[in-house]
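Trainee: Just dropping this structure here.
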Amino acid sequence: MKWWNGVWVLLAAASIASAPAAPAKIMIYPAKKRGIVIVVIVVKSDAEWEMIMTREEFRVARRAGTELVFTGEYWNIHATGIYRCVCCGTDLFSSDAKFESGTGWPSFTAPIAKENIADRSDASLLMDRTEIRCARCDAHLGHVFDDGPKPTGLRYCMNSAALKFDPLK
Ligand SMILES: [Zn+2]
């Protein structure tokens with residue numbers, strides 16, 4: 001074997017090693033379609049998010065902030081429609097599952113589909129809570145508690161700033 005054949009083998013191996021990995025995909029459940037769809041997860045830098053979000057949206061959704069009680073856009077909205085992720089547009093909650101919790105934050109008994117959200121334990125602020133995030137873009141949405149009404153007994157306590165309401169026309 002001539003020496004340059006060996007070089008080509010090395011170059012080929014290097015190009016395979018440095019090839020970008022295929023984007024990660026997840027299954028979500030759109031509100032208006034029947035069945036699961038496969039989507040690419042959304043990953044952006046903080047600078048990219050800041051360009052397309054308000055400061056409050058960024059603080060809540062990308063920095064796990066909490067909006068001031070009774071100040072959000074949606075706690076007192078009772079129209080029919082879909083609440084989407086403010087970052088990536090994933091369908092998260094339906095107005096069908098919204099209830100008046102009296103807390104000052106938009107509250108739901110269930111997400112549109114469990115595939116559309118991710119939960120993780122959150123021990124911050126000396127509390128043992130379960131944080132809810134968007135499954136597609138990892139946006140912080142709020143927390144879930146087990147003191148909700150029927151049928152689930154759950155209270156998804158969300159931040160308006162992490163949601164974008166799309167009223168059903
Ligand atoms: Zn999202």
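The values are calculated or read from the model by the stated rules, or taken from the named source; none is laboratory data. All values reported here derive from a predicted model rather than from experimental measurement. Virtual Cβ from ideal backbone geometry, glycine too; neighbours counted across all protein chains shown. Accessible surface is based on the protein model in full, side chains and every heavy atom, while ligands, DNA and RNA are left aside. Shrake-Rupley method; radii C 1.70, N 1.55, O 1.52, S 1.80 Å.
Trainee: Residues in segment 145-163: is at least one under 14 Å from the mean Cα position of the chain (by Cα) and over 20 Å from E67 (Cβ atoms)?
Mentor: no
Trainee: Counting only residues that are outside any loop (DSSP other than H, G, I, E, B) and touching a strand residue (DSSP E or B) at 6+ places or on another chain (Cβ under 7 Å), which one in segment 31-64 is nearest to the ligand (Cβ to nearest atom)?
Mentor: By that ranking, first place goes to A61.
Trainee: Just to be sure, is I77 within 16 Å of the ligand (Cβ to nearest atom), more than 11 Å from the chain's Cα centre (by Cα) and surrounded by 15 or more Cβ atoms within 10 Å (Cβ to Cβ)?
Mentor: Judged against the criteria, I77 is not a match.
Trainee: If you check F70 against the conditions, is it open to solvent by less than 20 Å² (accessible area, probe 1.4 Å) and either within 12 Å of the ligand (Cβ to nearest atom) or touching a residue at least 12 places away in the same chain (Cβ under 8 Å) (or both)?
Mentor: Taking the combined requirement at face value, the residue does not satisfy it.
Trainee: Okay, moving on. Restricting attention to strands (runs of 3 or more DSSP E) lying wholly within segment 94-169, give those where 3 or more residues are open to solvent by 20 Å² or more (accessible area, probe 1.4 Å) and within 16 Å of the ligand (Cβ to nearest atom).
Mentor: Here the list reads 117-122, 163-167.
Trainee: Just checking, does segment 124-134 include any residue being closer than 18 Å to V42 by Cβ, in contact with an Asp or Glu (Cβ under 8 Å, 6 or more places away or on another chain) and modelled with pLDDT of 95 or more?
Mentor: Yes, because at least one residue in segment 124-134 is closer than 18 Å to V42 by Cβ, in contact with an Asp or Glu (Cβ under 8 Å, 6 or more places away or on another chain) and modelled with pLDDT of 95 or more.
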